[in-house]
Amino acid sequence: MTTTDTPRTQSARTYPSYAKSLWQRVLLTREFAVIALLLIVFFYSRNQIPNFDGPLTIYYLLLDVAPILLIALPMTLIIITGEIDLSVASTVGLSSVLVGDLHQGGMSIPMAALVAILVGVLCGAFNGFLIAYVGLPSLAVTIGTLALYRGLGVGILGTTAVTDFPEKWTDLAKDRIGDSSYPVIVIPILVLIIVFVLLLHFTPFGRGVFDIGLNDEAAHFSGVNVARTKFLLFVMAGAVSAFAGIYFTLRFGSARGDNATGMELQVIAAVLLGGVSIFGGRGALHGVLAGVLLIGVLQSALRLDDVSANVINIIIGLLLIASVMSTSFLSFVARTTAGMKRRATEGSPERQQASAHHEGNNS
Amino acid sequence: MKLRNKKATALAALAVSAALVLSACGGSSDSDGGGSGSGGGGGDLSVTFLPKNLGNPYFDTSDKGGAAAVKEFGGKFAEVGPQEATPDGQVSFINTAAQQGIGALVVSANDPKAIGDALNEARDAGTKVVTFDSDTDPEYRDLFINQASAEGIAKAQVDLIAEQIGDSGEIAILSAAANATNQNTWIDLMQKDVDANHPNIKIVETVYGDDDDQTSFDKTSALLNKYPDLKGIVSPTTVGIAAAARYVSTSDFKGKVKVTGLGTPNQMREYVEDGTVDAFALWNPEDLGYLAAFAAKALIDGDIKGDEGDTFTAGKLGDFTVGADSTVLLGDPFVFNKDNIGDFDF
């Protein structure tokens with residue numbers, strides 16, 4: 001439970017989130033459970049999986065998760081407001097196609113990338129306008145734009161692919177920082193992580209994001225500009241997805257209409273695995289980062305073990321279900337223990353704390 | 001009291017998920033078995049097959065051939081691949097091969113260029129790269145195993161139809177799209193072969209079914225009405241031959257008009273069994289995988305470098321010579337008929 005979360009019940013006279021010492025509030029959370037799991041899986045793989053400790057592992061792992069990591073940042077904020085954006089992978093595809101098509105038409109890569117990002121902003125703005133100002137449900141709108149943006153992308157290039165990119169740029173996408181095993185893409189990722197962490201956890205805008213997720217009417221009456229906040233979040237998602245699309249294109253040296261198909265689900269899975277509530281109002285970026293990396297490490301380790309792609313998907317699917325179920329399981333346990341405690345300590349003020357505690361912390 | 005519960009539940013959550021993940025990893029490392037031993041170091045005979053995608057009967061068949069070959073020469077076989085046939089899906093697996101430092105990677109490329117850099121990184125890590133079925137640009141691989149030459153494909157189809165109609169009469173060609181490069185090359189070569197070697201056969205028309213089942217079906221119907229003396233239809237495309245066979249099998253022309261061309265056993269099985277189709281051609285993907293695995297072995301052992309004129313032996317298939325552009329030709333197309341179609345499932 002981080003400090004940004006607010007207790008949900010009006011009946012609680014005490015604030016369970018603050019009733020414990022700082023280290024307990026920081027460490028005994030879903031986020032840290034995911035981080036711990038990430039570390040366990042990572043060190044287990046280092047010891048048990050042949051070649052996992054090789055010099056290429058971290059490098060390829062970061063290259064692989066980079067687009068998911070990027071898009072997970074705005075996606076976290078969107079899901080915390082209780083909305084969802086299913087069109088991100090289609091925006092990645094459209095941006096990839098635009099970079100390829102414009103480059104083929106003679107435009108330089110930076111110019112083509114700029115146009116792609118602008119189109120990404122437009123895609124996000126279109127989503128945001130329909131959701132925030134027209135008031136349509138984000139699930140329906142972004143299912144529509146998922147098909148629309150993908151259709152535009154495939155329509156522009158057809159079934160052909162553009163693969164003729166200058167080496168300077170494709171090499172840059174795969175370049176390392178000095179001699180380290182970290183690719184240069186981690187630099188923009190780190191910058192964006194810092195921006196989004198500050199935005200979500202240290203600004204009034206970020207508090208507004210949580211408030212909207214908990215109760216958007218209450219947020220509205222407490223002075224949060226709900227529509228503008230949502231609109232901006234979808235614009236950010238569009239822009240970041242377009243950037244991810246440019247990276248994707250240059251990394252694989254291939255612009256195709258079907259690039260990144262299905263990536264929206266990988267992003268959402270990682271965000272949920274990281275402890276963000278699909279109902280909104282709860283979540284933290286360090287958990288999401290750990291969730292993305294956990295999926296990346298698992299995929300890398302299982303692939304090194306020659307496990308086939310569908311088995312990897314099954315394992316990640318089960319992990320996601322287990323993680324979502326663990327929340328319900330925990331609140332069930334908390335409710336049961338609270339009930340037992342209520343009988344044991346009938347009339348004590350702790351009763352209210354206990355019930356508030358499971359609602360506020362584990363939902 | 002309360003705090004202890006909280007801690008206990010957090011730990012329980014951790015344990016539940018950790019148990020799940022660890023058991024998942026543990027389970028897979030059991031199956032790994034020999035993998036741990038052969039993973040490191042170049043020069044070992046670990047061969048990984050990376051088809052365009054998994055769950056594709058064609059590649060299941062070629063990988064079966066590859067596995068048989070690897071078993072024969074005592075190497076370690078693995079099959080990996082993406083679920084969708086996309087280049088970016090293949091790149092992760094190529095990267096993994098580079099990390100593992102396996103002996104050779106046998107790839108059917110989803111894109112001739114997009115996976116090139118990843119393949120070269122794997123080659124830098126000491127892995128030999130053999131492409132089969134679908135090639136990359138030559139600078140990204142050590143060897144390409146070509147399933148069939150254009151001349152071989154053209155000649156096999158002409159020979160089949162000539163044999164089936166008694167080397168005389170009118171035939172027509174049902175192609176895919178009018179601008180399909182490979183189709184047009186084959187049709188051109190077939191025309192030349194007919195002109196030179198089969199003077200009594202006349203190709204009356206070439207029609208285009210656009211590799212669409214219904215269009216091909218309708219074009220077949222139109223052909224048979226337009227040319228009542230037609231004795232045979234050759235369709236060098238798997239969609240076309242199946243549609244033509246379906247039309248003929250339910251019409252009065254069954255048995256009178258021969259259908260042949262390039263098809264897959266699973267699509268053609270019922271028409272071969274009901275007598276509509278005597279025989280058709282394609283390469284044998286099992287042999288293709290088998291040859292690719294032996295080529296990989298020859299590269300790992302240093303017997304060949306992929307230069308033109310290099311020769312190696314591929315088990316039961318015999319000796320092969322590397323041709324221009326580091327290409328090895330599997331041989332003449334394979335003819336499927338009533339006697340052998342039961343042996344194939346792709």
Test: B:THR220 is crowded, with 20+ Cβ neighbours inside 10 Å and assigned to a loop (DSSP other than H, G, I, E, B): no
Subset of segment B:53-111 (residues that are touching a residue at least 40 places away in the same chain (Cβ under 8 Å) and more than 20 Å from the chain's Cα centre (by Cα)): B:GLU72, B:PHE73, B:GLY75, B:LYS76, B:ALA97, B:GLN100, B:GLY101, B:ILE102, B:GLY103
B:VAL158 being away from every other protein chain (no Cβ under 14 Å) and of a type in the set (Val, Ile, Thr): yes
Set A:ILE212, A:ILE185, A:ILE194: member being out of contact with any strand residue (DSSP E or B) (no Cβ under 8 Å at 6 or more places or on another chain), surrounded by 21 or more Cβ atoms within 10 Å (Cβ to Cβ) and farther than 30 Å from A:PRO137 by Cβ: A:ILE185
Index of the failed condition, B:PHE49 passing every other in (1) under 14 Å from B:ALA295 (Cα atoms); (2) facing chain A (nearest Cβ under 7 Å); (3) not β-branched (Val, Ile, Thr): (2)
Residue among A:VAL288, A:VAL267, A:VAL271, A:VAL276 that alone is more than 7 Å from chain B (Cβ to nearest Cβ), closer than 30 Å to A:THR160 by Cα and surrounded by 23 or more Cβ atoms within 10 Å (Cβ to Cβ): A:VAL267
Candidate set: segment A:231-264, residues that are within 25 Å of A:GLU83 (Cα to Cα), within 13 Å of another protein chain (Cβ to nearest Cβ) and aliphatic (A, V, I, L, M); chosen: the one surrounded by the fewest Cβ atoms within 10 Å (Cβ to Cβ): A:MET263
Qualifying helices (runs of 4 or more DSSP H) (wholly inside segment A:1-92; at least 1 residues being in contact with a Leu (Cβ under 9 Å, 6 or more places away or on another chain) and at pLDDT below 75): A:22-27
Count of residues meeting criterion [assigned to a helix (DSSP H, G or I) and under 20 Å from B:LEU174 (Cβ atoms)] in segment B:253-300: 8
Extreme residue, nearest to the other protein chains (Cβ to nearest Cβ), among residues of segment B:100-115 that are over 17 Å from B:ILE145 (Cβ atoms) and surrounded by 24 or more Cβ atoms within 10 Å (Cβ to Cβ): B:ALA114
The lone exception for B:GLY89 - which of (1) more than 7 Å from chain A (Cβ to nearest Cβ); (2) surrounded by fewer than 24 Cβ atoms within 10 Å (Cβ to Cβ); (3) not in a helix (DSSP H, G or I) it fails: (3)
Neighbours by Cβ (under 6 Å, 6+ apart or cross-chain): first from segment A:220-245, more than 19 Å from A:TYR149 (Cβ to Cβ); second aromatic (Phe, Trp, Tyr): A:ALA227/A:TYR133
Enumeration of residues in segment B:116-139 that are outside any loop (DSSP other than H, G, I, E, B) and more than 13 Å from chain A (Cβ to nearest Cβ): B:ARG123, B:LYS128, B:VAL129, B:VAL130, B:THR131, B:PHE132, B:PRO138
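The values are calculated or read from the model by the stated rules, or taken from the named source; none is laboratory data. Remember, it's a predicted structure, so these values are computed and weren't measured experimentally. Glycine gets a Cβ as well: all are built from the backbone with ideal geometry, and neighbour counts include every protein chain shown.
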